[in-house]
Amino acid sequence: MRKLLAVLALAALAAGCRRNPSEQLSRLSEEYVYTTLSFSPSGATSAGLHQYNKVDLDDRLDDLSSASLDRQRHFYEDFLDRLRRLPTRQLSAEDRADATILEDQAKLALLDLNEIHSALHSPTTYVETLGNAFFAPFVLEYAPQPDRIRHIIARLQKVPLFLDQASTNLISSPSIWTGVAIEENQGNIDLVDKTIRAAVPADMRDAYARAATPALDAMRKFQDYLKSSLALRSDYSWRLGQDLYMRKFRYTLESGVEADGTLQQATQQLQAVRAKMLEIAQPLYRQMFPGKKEQPGLSPDDRENQIVGAVLDKIAGRHSTRESYMDDARKDLDEARAFVQEKHLLTLPAQSNLQVIPTPEFMRGIYSVGGFDPAPPLQPQLGAFYWVTPIPADWPPARVESKLREYNFYKLKLLTIHEAMPGHYVQMQISNSVEPKPRRLLRSLFGNGPYIEGWAQYAEQMMLDNGFLDHSPEMALTFAKEQLRVIANAILDVRLQMLDMTDQDALDLMMKQTFQEKEEAEEKLQRAKLSSCQLPTYFVGWSGWLHVRDEYKQAKGGAYNLSTFNDAALHEGAVPLPQLISVLR
């Protein structure tokens, strides 16, 4: 028997060696996608993977026990070893882009498992995983509703064990992480006890109640644990520090530019954009405040703040109400779609499966304004969601006004362009046509962040460059403020994570240098403490997309066409931007 196994192993090895490098990479890519999805059944459901190795993933919750984390660690180590054996010089530009994604994603996973240890310090990891495990089968119509409710019931039965793992694993957590986890966990409780319960068919209510009761008890017990136990162990820092941050930055952004270089570039651009804003604001200032003279003796910065700030303050007064906010976003979506079609900026996907819905409560810690949740890459025919975070009913009037002024008439349109049309929604729908399938899945599930966020920022600029809102100077100034925010995002993340930037310095940067409202600045500071290496993707990606377009335009000369470029670049999927240049040539 041993001889037979040895012969089979040698035969398999020989067969693998006979495959060309591109075929080997395709098999590795497919293995990576399906294996890593199987590590997270909640994520697998969202991605459209419902069964793997004859295991029904929709019935399961993630296993975050130490034994499971060890298995994951061994997989990534072995995978990197096998990936490094590929003769990369024999690969095409397309294949090299895929190999870069695979290598950096595996390194990123190992960095977390071996050194950052999110499982030991991040309660939001557990809370958001659990929320997604219920929310995905609730909203994604991958099966008839009774079957999806049965999946939720099966997962509810596993909640006590899952949260016991969480309580066992978590040894300390920054106060900000614990506080957000408490808020989001309450959102999970409401999701299970109210939202989903109300939708359960009559003949399944008893079964749902039997599973929900112990699950809710466990979730409330975990809430008490967060408040009374983990909250007392807050000595872990949310700051990664220079060494960890620079490595995570490298693997996450894949831009060829290091964190310190990005900080330098962003700092230089800050003043240039402020100067451009003053140029746009001065004629508006004279129109809005006729007869009002500038205050003499101001420094250049103070003069910019006075004039630009006054104009932005006036512009901000045109905004939605708390009640109309969601409907206004829907109207903005229709307006943006019509403009893209009129100007032929790109070829829109034939399918229209986008829904505008409130941001799930268990995700509002990160998505305090809005976001985009794409259709599952393995089932792209299902729904995609533009999340708009509603303004809570219990907010005092001053806080509501601050939020609405930040997301005013013009900024809400930019948000909708960014998240939906022709931003992330269009981008993700088009990426579903990438072939072959292993490449499509890899680039959809593990795509490059600067490519993704950079496209959405580039899309905003493209819309305005082509006359959206008739070249309105108010919109131009609001967009320039958006540029400042993107720059501030990069500065914040680098300085907070590796240079010990204080909260006050962060708030001063946002409110005094980049004209952000107090509510927005405080929410962004919280977001920066909850995540790392995501906020710079906007700045790095935007710059990267403009660079790729310039290179493409130069190569095409007189044959250059904007729509053709957009279509070609989007049909590649989310590759690292340095590789996108090579692929398009």
Convex hull volume per residue for the range 277-360, taking Cα atoms only, in Å³: 178
How big is the gap, in Å, between the Cα center of the range 369-403 and the Cα center of the range 518-585? 23
In debye to the nearest 20, the charge dipole size for the range 456-585, taken about the Cα centre with +1 at each Lys and Arg Cβ and -1 at each Asp and Glu Cβ, equals 440
Three-way shape label, the range 43-122, alpha-carbon gyration tensor, a/c 1.5: oblate
Placing each pseudo-label 7 Å from Cα in the direction of the beta carbon, A154 and R585 end up separated by a distance in nanometres of 5.0
Taking the chain and dividing mean pair separation by its residue count, relative contact order in percent (alpha carbons under 8 Å, at least six apart): 18
Fully extended, how many nm does the chain gain between S324 and A559 (0.36 nm per residue separation, minus their Cα-Cα distance)? 80.1 nm
Helix 397-406: angle to the longest alpha-carbon principal axis of the chain, degrees 0 to 90, nearest 10? 90
Rounded to 0.05, the calculated FRET efficiency for the beta carbons of D567 and L546 at R₀ = 30 Å is 0.95
Additional length obtainable on full extension of the chain from E23 to S229, 0.36 nm per residue less Cα span: 69.0 nm
Non-local amide H neighbours of G370 (under 5 Å, H modeled in plane, Pro and chain starts lacking H): which ones? T389
Using only Cα atoms, tell me the angle between helix 145-156 and the longest principal axis of the chain; keep it within 0 to 90° and round to the nearest 10. 80
Contact order normalised by residue count of the range 23-236, Cα under 8 Å, 6+ apart, percent: 23
In nm, spacing of pseudo-spin labels at D164 and R84 (7 Å Cα→C-beta vector): 4.0
Taking 0.36 nm per residue of sequence separation and subtracting the Cα-Cα distance, how much length would be gained by fully extending the chain between Q145 and S531, in nm to one decimal? 135.5 nm
Under a crude label model (7 Å from the Cα following the beta-carbon direction), how far is D505 from K221 in nanometres? 4.5
H471 to D193: FRET efficiency via 1/(1 + (r/R0)^6), r the Cβ-Cβ distance, R0 45 Å, to the nearest 0.05? 0.35
Quick check on the range 23-236: take the gyration tensor over C-alpha atoms, sort the square-rooted eigenvalues as a ≥ b ≥ c, and tell me if it's rounded (a/c under 1.5), prolate or oblate. oblate
For the range 23-236, the charge dipole (Cβ of Lys, Arg +1; Cβ of Asp, Glu -1; about the Cα centre) points to a positive end, and the Cα of A47, Y76, Q157 closest to that extreme belongs to Q157
Using the structure shown, select from K276/K512; K314/K403; K343/K411; K481/K529; K413/K553; K343/K413 the pairs with a Cα to Cα distance greater than 25 angstrom. K413/K553
Computed for the chain: size of charge dipole around the Cα centre, +1 on C-beta of each Lys and Arg, -1 on C-beta of each Asp and Glu, debye to nearest 20, value 940
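Where a number appears in this text, it was derived from the coordinates with a stated rule and is not lab data. Everything quoted here is computed from the prediction, not taken from an experiment. Every residue, glycine as well, gets a Cβ built from its backbone with ideal geometry; the counts of neighbours run over all protein chains shown.
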